[in-house]
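The values are calculated or read from the model by the stated rules, or taken from the named source; none is laboratory data. The shown structure was predicted, so the numbers you read here are calculated from the model rather than taken from an experiment. All Cβ positions, even for glycine, are placed from backbone atoms using ideal geometry, and neighbour counts span all protein chains on display. Ligands, DNA and RNA are stripped out before the accessible areas are found, and what is left, the full protein with its side chains, is counted by its heavy atoms. Shrake-Rupley method; radii C 1.70, N 1.55, O 1.52, S 1.80 Å.
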Amino acid sequence: MSESTPLLHLQGIDKRFPGVHALKGIDFELETEEIHALLGENGAGKSTLIKVLTGVHAADGGSICIEGRQIAPRNPNEAVTFGISTVYQEVNLAPNLSVAENICLGREPRNVFGIDWRAVGERTKSALNRVGLRVDPQRLVGDISIAEQQLVAIARALDVEAKVLILDEPTSSLDQDEVAQLFATLRRLREEGMGIIFVTHFLDQVYEISDRITVLRNGERIGTFQTDELPRIELVSHMIGRSAESLEHGAMASHEVSGHEPFLTVTNFGKRGSVQDLNFEIRSGEVIGLAGLLGSGRTETARLLFGIDHGTEGGYQLDNRSAHLTPRSAISRGVGLNVEDRKAEGIFPGLSIRENMVVVAQVKRRWWQRISTAEQKQVADEYVSALQLQPPNTDRNIENLSGGNQQKALLGRWLAVEPRLLLLDEPTRGIDIGAKFEIMALVERLRLEGKSFVFISSELSEVIRVSSRIVVLRDRRAVTTISRAEANEEAVVAAIAKHE
Amino acid sequence: MNRFLSQERLPVLITSVVAIAMFLIAGFKYDNFLTLRVFFNLFSDNAFLGIVAVGLTFVILTGGIDLSVGSMVGCSSIMLATLIRDSQVAPPLAVGIVLAFGCLIGLTQGFLIARFELQPFLVTLAGLFLCRGIALRISQQSVQIDHPLFDQWASFSIALPQKSSLSFAALLLFLVVGIGWYLSRLRPFGRAIYAIGGNRQSAELMGVPVRKTLIGAYVISGICAALGGVVFTLYTQSGNAVSGTGLELDAIAAVVIGGTLLRGGYGSVPGSLLGVCVLGIVQTAITFDGTLSSWWTKIVIGVLLLGFLLLQRWIESAALSRRALAPSGTN
Ligand SMILES: Nc1ncnc2c1ncn2[C@@H]1O[C@H](COP(=O)(O)OP(=O)(O)OP(=O)(O)O)[C@@H](O)[C@H]1O
Ligand SMILES: [Mg+2]
């Protein structure tokens with residue numbers, strides 16, 4: 001390939017939002033036949049760079065060249081015509097349309113009568129095959145799981161002739177097999193000459209697939225490195241701007257559980273058609289990890305415990321009394337749920353960070369006992385600094401936070417009401433490595449104060465790290481419980497995978 | 001999952017069942033109700049409402065609303081009559097002018113809503129006042145139309161068995177429903193309308209031309225409302241500035257009963273025709289009864305509307321809980 005003109009060349013890209021200088025003169029080069037990882041902490045500017053590059057935001061300065069030709073896409077469609085196809089962070093699909101309609105939206109094959117639905121079907125089939133997703137193309141996107149949606153979004157991006165493929169955290173909800181399948185596809189595309197920009201917070205994946213790495217921090221480019229010449233510890237230091245060893249300081253030495261009597265007990269608890277046979281108890285100062293494959297019933301368990309879904313069998317006892325919770329009564333009895341799908345079920349778009357953070361606290365009070373603005377500020381500021389939320393200005397619209405920082409704000413929302421049991425469904429998803437450790441350290445700190453957690457994560461190492469006990473789910477049943485002493489990756493994987 | 005009983009189709013299915021049931025029940029109660037004649041008159045008598053509802057469906061599918069359609073009917077009615085009687089404009093040209101006016105109002109409203117992200121409710125509320133004002137400015141008296149070609153249109157009908165017939169207006173209605181269905185199902189424009197109603201931000205990131213599509217929806221609604229006015233004028237053979245007062249509310253009711261969610265994203269054009277039929281059946285049945293006064297229509301429609309709202313909520317929550325259980329079997 002021609003070494004002189006890179007496939008994609010960004011020079012001095014500058015972008016300001018009101019109050020934030022999101023990109024400070026970024027240079028970036030992408031070659032053909034390259035997978036280029038774009039890394040950085042939450043709020044570093046990765047998504048913003050991608051949005052500028054694809055015409056969602058207008059740049060305040062700088063130039064974009066593709067194959068030496070300067071371009072200025074004004075919207076994602078134009079970017080596609082220039083050969084840039086993108087999967088944006090958070091799933092962006094129309095939930096009310098079918099999988100097939102979503103894949104072909106805006107570029108439907110036509111015949112004399114209009115949209116050629118037969119051709120749509122065929123194109124969908126081959127697009128889904130490319131990402132190895134087996135799902136009925138007629139199903140509404142809103143009815144399929146987040147992982148499947150993510151794959152549909154990728155399939156859509158691969159459906160066009162592109163020279164540049166951009167993936168902004170495409171693997172955040174995928175399981176190992178799905179990631180492997182996706183990577184096989186990416187490698188093939190690379191061989192075909194495509195340039196791929198890949199954003200992720202999973203460093204393993206970076207080392208598995210990328211050729212080069214560009215690190216951003218606070219809107220600045222720290223540098224571009226050959227992946228195989230950059231030790232992981234150095235990479236992390238580049239990302240967080242301090243030495244990586246400092247992350248481990250909160251590591252957990254002993255793991256004493258303070259409570260003796262369980263305050264929450266489930267026996268053979270479950271809901272027909274959802275998840276069944278739940279048997280465990282929670283004491284104060286205990287973290288119950290839920291491990292299992294995607295679709296094994298982890299989220300369903302959290303929903304049952306929080307009272308969104310109601311159990312149809314077995315017992316649920318809270319404080320030695322049988323409980324029939326609704327989310328509202330759960331909150332008033334000190335149980336909280338931090339949801340997995342933050343975009344659809346978590347944030348209140350349009351409200352400020354502060355308002356988003358105090359909303360549960362307000363629910364806990366009566367509606368006439370308004371939390372004064374001063375009080376709101378105080379609460380929000382406390383958790384903003386505890387969670388190192390960027391930018392720390394809590395009056396801003398939560399929608400304008402980077403994905404990872406939204407997640408932190410949601411955590412703050414729950415921590416602000418100090419629940420005794422907090423159900424965390426994928427709390428570290430889309431969060432940078434520094435913040436991941438911060439959140440795990442926070443869980444440990446609160447645990448020592450006597451708080452309890454149910455911790456759900458696809459990353460086994462995290463579950464093992466924080467949990468007092470691990471409940472393994474398989475096929476929507478709790479199959480076994482592993483104590484902290486016995487917990488290691490092999491044991492948990494074996495329990496997850498075991499066939500009877 | 002069974003797409004046939006999906007969130008989208010189920011309401012339409014239920015509306016059809018209700019419509020048929022009502023027709024049969026009324027048929028049992030009243031002599032001569034269960035005839036082709038009554039059936040086809042349903043379309044002739046409600047053609048203007050149906051045409052307006054089809055246009056409105058597009059707007060509601062995007063998650064918007066168009067309150068100006070009722071005034072538009074009045075405005076186009078009086079405009080058409082004055083053009084033909086006082087200005088001596090040939091009827092086809094007069095219709096063209098009126099439709100162009102509807103298009104212009106729709107374009108303006110759509111532009112304001114799409115470009116400046118103003119609230120559809122308020123923009124079209126302004127449109128409601130504006131159109132009614134223009135209509136009354138043109139003439140406060142009703143204007144009779146006596147024009148041979150126009151009379152020909154008004155009296156044209158296709159004879160069908162059992163002394164029934166389909167009027168010119170009903171044929172127009174079918175044409176509009178057909179075009180609406182085609183646009184919404186078989187044109188990328190239609191998919192874009194649904195995508196915007198589903199999630200506007202996502203639609204934007206998926207490269208849907210959001211602004212153009214939104215403007216298109218309001219233009220369609222404006223043109224349909226103007227055409228509804230023309231049909232109404234044919235029906236009464238006179239133009240009247242106050243005709244169509246409150247019609248926007250009937251049209252919204254018809255669209256919602258036809259299974260379209262006011263929130264946008266779900267619904268269909270044929271569904272709205274069905275909704276209009278339900279309203280028409282209620283009205284006809286009450287006329288047939290003779291002892292009931294006409295405000296019973298409003299009461300029945302009010303009750304029906306509430307019933308459908310509850311039904312939609314129920315379907316939605318069923319879909320939600322199904323979603324929570326959706327097996328995530330990839331691979
Ligand atoms: N539309 C917007 N309006 C105002 N500020 C914004 C907007 N979008 C992003 N920002 C700000 O720009 C900065 C960079 O955000 P960006 O989303 O690019 O981060 P990121 O690197 O993608 O982080 P993450 O890993 O969390 O996704 C953040 O401070 C964010 O708050
Ligand atoms: Mg991002």
Filter region A:59-82 down to the residues that are within 14 Å of chain B (Cβ to nearest Cβ), open to solvent by 40 Å² or more (accessible area, probe 1.4 Å) and within 16 Å of ligand 1 (Cβ to nearest atom) and list them by number.
A:N75
Please verify whether region A:430-453 includes one or more residues that are under 23 Å from the mean Cα position of the chain (by Cα), within 13 Å of A:R298 (Cβ to Cβ) and not aromatic (F, W, Y).
no
Do we find that A:V358 is aliphatic (A, V, I, L, M), more than 16 Å from ligand 2 (Cβ to nearest atom), buried (at least 17 other Cβ atoms within 10 Å of the Cβ) and more than 30 Å from A:L49 (Cα to Cα) in this structure?
yes
Residues (over 18 Å from A:E300 (Cβ atoms) and open to solvent by less than 20 Å² (accessible area, probe 1.4 Å)) located in region A:466-484:
A:V466, A:S467, A:S468, A:I482
Filter result (away from chain B (no Cβ under 14 Å), of a type in the set (D, E, K, R) and farther than 22 Å from A:K451 by Cβ) within region A:262-283
A:D277
Inside region B:176-203, can you point out the residues that are more than 7 Å from chain A (Cβ to nearest Cβ), under 17 Å from the mean Cα position of the chain (by Cα) and aromatic (F, W, Y)?
B:W181
Pairing a residue in region A:397-415 that is in contact (Cβ under 8 Å) with a residue 24 or more places away in the chain and outside the structural domain of A:K51 (by TED's automatic domain parsing) with any residue that is within 12 Å of ligand 2 (Cβ to nearest atom) and of a type in the set (A, V, I, L, M), where Cβ atoms lie under 6 Å and the two sit 6 or more apart in sequence or on different chains, gives A:G404/A:I431; A:Q407/A:I431
Applying the selection to region B:203-217, what residues are over 16 Å from A:R107 (Cβ atoms) and touching a Leu at 6+ places or on another chain (Cβ under 7 Å)?
B:I215
Do we find a residue being touching a residue at least 40 places away in the same chain (Cβ under 8 Å) and within 15 Å of ligand 1 (Cβ to nearest atom) anywhere in region A:381-388?
yes
Tell me whether region A:177-197 contains one or more residues that are part of a loop (DSSP other than H, G, I, E, B), over 18 Å from A:T124 (Cα atoms) and within 16 Å of ligand 1 (Cβ to nearest atom).
no
Which listed residue is away from ligand 2 (no atom under 16 Å from the Cβ) and assigned to a loop (DSSP other than H, G, I, E, B), from A:V443, A:V463, A:V417, A:V384:
A:V417
With the checklist (1) more than 30 Å from A:F269 (Cα to Cα); (2) part of a loop (DSSP other than H, G, I, E, B) in hand, flag the one item A:N405 doesn't pass.
(2)
Flag for A:L49 being of a type outside the set (V, I, T), open to solvent by less than 60 Å² (accessible area, probe 1.4 Å), within 14 Å of chain B (Cβ to nearest Cβ) and within 16 Å of ligand 2 (Cβ to nearest atom)
no
When you scan region A:110-119, how many residues do you find that are open to solvent by less than 70 Å² (accessible area, probe 1.4 Å) and at the interface with another protein chain (Cβ under 10 Å from one of its Cβ atoms)?
4
Could you pull out the residue among A:A147, A:A94, A:A153 that is of a type in the set (A, V, I, L, M, F, W, C), touching a residue at least 12 places away in the same chain (Cβ under 8 Å), outside any strand (DSSP E or B) and more than 7 Å from chain B (Cβ to nearest Cβ)?
A:A153
Which condition does A:N405 not pass, out of (1) touching a helix residue (DSSP H, G or I) at 6+ places or on another chain (Cβ under 9 Å); (2) more than 16 Å from ligand 1 (Cβ to nearest atom), if it passes all the others?
(2)
For region A:408-428: of the residues being away from chain B (no Cβ under 14 Å) and within 16 Å of ligand 1 (Cβ to nearest atom), which is surrounded by the fewest Cβ atoms within 10 Å (Cβ to Cβ)?
A:L410
Report yes if A:L38 is within 14 Å of ligand 2 (Cβ to nearest atom) and more than 10 Å from chain B (Cβ to nearest Cβ), otherwise no.
yes
Lone unmet requirement of (1) within 14 Å of chain A (Cβ to nearest Cβ); (2) assigned to a helix (DSSP H, G or I) for B:V208
(2)
